């Protein structure tokens, strides 16, 4: 999947996908994870830490542990450093409404989950 994204083909199951580069919170090792993204204005991306519903995915914990070491690869471009910001309250709700409208499948999964999926805004550093 990462090879496809790097070559400029960045769709999975009808969703735009980027490669999120993080550093493992315990291992300190570089990690690369394909993640669906949603536009947030002209220069920011929203990602949802659904992790299959039951718990946040490892990439989310790694991202929050080492936010200063995050970057993304998108559409065949070189890695771009980003700053993650987990959305809360009204900001999260506005972002979630756009995400759910763009991808109703995610809203369906959220409705069945026992926890609220974290939504993270990634902005260029």
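Things worth noting here:
- Any hit, the range 2-18, residues being over 11 Å from the mean Cα position of the chain (by Cα), in a strand (DSSP E or B), closer than 23 Å to residue 96 by Cα and free of Cβ contacts under 8 Å to residues at least 40 places away in the same chain: yes
- Within the range 80-115, the set of residues being more than 15 Å from the chain's Cα centre (by Cα), in a loop (DSSP other than H, G, I, E, B) and at pLDDT below 95 comprises 113, 114, 115.
- Neighbours by Cβ (under 6 Å, 6+ apart or cross-chain): first from the range 106-125, without any contact (Cβ under 8 Å) to a residue 24 or more places away in the chain and on the phi > 0 side of the Ramachandran plot; second part of a loop (DSSP other than H, G, I, E, B) and buried (at least 17 other Cβ atoms within 10 Å of the Cβ): none
- Qualifying residue in the range 26-36 (condition: surrounded by 14 or more Cβ atoms within 10 Å (Cβ to Cβ) and within 13 Å of residue 119 (Cβ to Cβ)): yes
- Given (1) farther than 15 Å from residue 17 by Cβ; (2) assigned to a loop (DSSP other than H, G, I, E, B); (3) in contact (Cβ under 8 Å) with a residue 12 or more places away in the chain, index of the condition residue 62 fails: (2)
- Being surrounded by 13 or more Cβ atoms within 10 Å (Cβ to Cβ) and modelled with pLDDT under 95 is a description that does not apply to residue 67.
- Selection within the range 19-36 - in contact (Cβ under 8 Å) with a residue 24 or more places away in the chain and in contact with a strand residue (DSSP E or B) (Cβ under 7 Å, 6 or more places away or on another chain): 19, 20, 21, 22, 23, 24, 31, 32, 33, 34, 35, 36
The values are calculated or read from the model by the stated rules, or taken from the named source; none is laboratory data. This structure is a prediction, so every number in the text was calculated from the model and none was measured. Here the Cβ is made from the backbone with ideal geometry for all residues, glycine too, and neighbour counts use every protein chain on show.
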